[in-house]
Amino acid sequence: MLQQPVKPWAGRARQEALRQVKAKGRRAKTPCVICTLPINYSLEYPHPQSCSVQHIKPRKAFPQLTWEPTNWAPAHLDCNKSAGSKLQEGLGILGDW
């Protein structure tokens, strides 16, 4: 069975995803999922401490989860950039089971 192509992470859909992550994170006072420090949700891109969408399971390895809101978490922009596309322990990734 061929996998369907995934819509690129760009444009209005990406902006809407960020809006959703920021709104939910602001309400819950969710810290950065990578460094665990607080996020100032009022900062805007390209500020390095602004909120960005971290894909818990990376898009490169799990393209089918790119647009799945349960795979999104708030992270500082600079943390997200430094994390790259590696699997992050403690970000909902289960070890041996």
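Miscellaneous remarks
- Take the Cβ atoms of Thr70 and Gln49, set R0 to 30 Å, and the FRET efficiency comes out at 0.75.
- Restricting region 1-71 to trypsin sites (Lys or Arg not before Pro) in coil, as DSSP defines it, with at most 14 other Cβ within 10 Å: Lys29, Lys60
- Under 15 Å from the Ala23 label point (7 Å along Cα→beta-carbon), backbone N, region 42-79: 69-70
Values quoted throughout were computed directly from the atomic coordinates according to the rules given, and no laboratory measurement underlies them. Just so it is clear, the model here is predicted, and its values are computed rather than measured. Reconstructed Cβ throughout: ideal geometry from the backbone, glycine too, with neighbour counts over all protein chains shown.
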